[in-house]
Amino acid sequence: MGEPSIVVPAGKQVRVEITPLTTPTPLFGRVHGICGAESTPGQCTDLISAYMRPGEALDPSLLSQAQLIEVENQMREAALTTNDHLLLGLRATPAIEEVSGRLNPILAPGSVGPGSSWLSSMGGLGGGGIYQLMSFPIARFNGIPLPMGSRIRFADPGRWFSGAMESRLFTISVDGTKKYFSWDAHFPVGNKPHDFFHVNQKGMASVLGQTDHAALTGTALVQAKQLRYLKIGGRIFLVVGVVIDTVQLGAAGYESYQTGSAKPVAKQAVRTATGWAAAWAGAKAGVVAGGLAGVETGPGLVLTAIGGGLIGGVAGYFGGNWIADWLFDD
Amino acid sequence: MTERIDGWPVSVLSDGERTYLGVFDRLGDGRSYPASDTVPTLEEIGGDDWSGEVLAQLLPAERVWAWWTRTAVHRNTGLGGERAPAAVDVSTISRPLVRRLLLERMTLAILPAADSGAQASVLEWAGVDTDLAEQVWTAPDGARWNLDEIVSWCQVPEQWRDRSSVTRQPAERIVTLFDSQIFCALAPPAAKEAMKRLETLARRWGLRVVPGPPEYAWVAPLR
């Protein structure tokens, strides 16, 4: 496992400042991450401190903003390319930034409850893929402030049946406008050459500095590859969940027919309906919590949010099972 | 000293019945498709609405339009419309009509001729997702459109990528937006007029139209 290596320019100093956090409060408001200082040029960013050990920091008075950005990029690259699991490798304290600028730490998502069988477990994993069907507010992407009303989503069911490949890693769109920015992972669909991992965008080039079909490189490329694997995992979970639920419902219906009682199929119907509803709610809460557990908005949010969504979705799904057992307990 | 790039490639190909115009989304010398980020894009030159301005040069306002797009995009325009019958006589259309595909989440919107408000919405929103193909057909004089056939054609890439299939469709012209490019298939005399309008737009943007590679005049066939 490699430690992040930081090259400090000759004659410069390194010092750490950890952003102080205040009392925990319930989650609310938009997801901002904890990079409040990023909007002030020349100041050390929380993003940098998040990747550093306590006791170290960059002194903004001694490093230029360009040097800070360079160091930040090096650290981000190092953090993303170590053997550590990315979601665990970031050392930031999860927090939400209030309008006043005050930072509040965030409580971790709830734990996963027990499943009744391996089938239920598979269905629970299916609930974990639900985060992909929703969109979430986002304020910044890789440290770049986004227009008000920006939202991020990880899947667009409309594309699945439109002859389009589901190769879009995420889409950031701005409510009420045609502006969007996305990362795609596919080979050229026409005769226009472009890299496998590339940008697809309209109206956001001036904000994010990348034109349509620009190749993803450096840290963005690493992030895109990781996101692709996470996304594919969530998709499989979702499909498995749907299939398993269908099988379970069918089996319960047969049991009801054999026993002359509506109880088995009714119980399974409640399991399925509440499981998916709760998984939906759980995934939504989980993604918010997971996003807040990230050190930034952008791929940091994306990756940690998906982790949170999986946990929240699974927890919600098992909650549905528990309700069914309680309602129809023999 | 770096030479200023002001060439805007437009590929032209003619098979006698139709002329195909392939409008690039970025500048270049026209010899090949330039690599991303090596030359300015039209978005940088003409702003966010560059594609709408190009479409305005290619789509005659006095004709009925059929717009094949994503339902979400159509909803964003606020156009609405009555449920379209299976077949329509284009000379009788006075209000927008729609045919929606629920599962595919696609919409075929039929817009009356010279409905400037509705047409402006199409110009603004068409091609918003560059990965998905959109089509805009314009109706020939006195046409009776079978909307199911138009939908079926638009749904199948093998058909709209095939130039010989394009030629057989009951359209005065077909504009396809795909992969950030804008393609237009139309009769040769109309193509000359369209090229003049594109050249005028180019001058307004401080550019000059240069011929692009012929293989970029229409969407590449599926391999």
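Taken together, the values in this text are just the output of simple stated rules run on the coordinates, not laboratory data. These numbers come from a predicted model, not from an experiment. Virtual Cβ from ideal backbone geometry, glycine too; neighbours counted across all protein chains shown.
Below is a table of values for the structure above.
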read-out	value
Evaluated over region B:54-108, the Cα radius of gyration and Dmax, each in Å	12.1, 33
Label zone at B:Glu53 (point 7 Å along Cα-to-Cβ), backbone N below 16 Å, region B:110-152	B:123-125
Label-point separation, B:Leu102 to B:Arg83 (7 Å along Cα→Cβ), nm	1.0 nm
Exposure proxy ranking, count of Cβ atoms within 10 Å, fewest first, for A:Phe196, B:Phe24, A:Phe187, B:Phe178	A:Phe187, A:Phe196, B:Phe178, B:Phe24
Test item: Cα-centred dipole of chain B, Lys/Arg +1 and Asp/Glu -1 on Cβ, debye	360 debye
Per-residue Cβ neighbour rank within 10 angstrom, fewest leading, A:Val222, B:Val156, B:Val23	B:Val156, A:Val222, B:Val23
Per-residue Cβ neighbour rank within 10 angstrom, fewest leading, B:Trp67, B:Trp145	B:Trp145, B:Trp67
Label point at A:His186 placed 7 Å out along Cα→Cβ; residues across region B:95-138 whose backbone nitrogen lies under 17 Å	B:104-106, B:127-135
Proportion of all alpha-carbon pairs of chain B beyond 33 Å (%)	13 percent
Equivalent ellipsoid, region B:61-186 (semi-axes from 5 times Cα gyration tensor eigenvalues, Å)	19, 17, 14
Max mean-square fluctuation residue, GNM over chain B, Cα-Cα springs under 10 Å, options B:Arg83, B:Arg26, B:Arg18	B:Arg83
At most 14 other Cβ within 10 Å, DSSP loop - GluC sites (Glu not before Pro), region B:49-133	B:Glu62
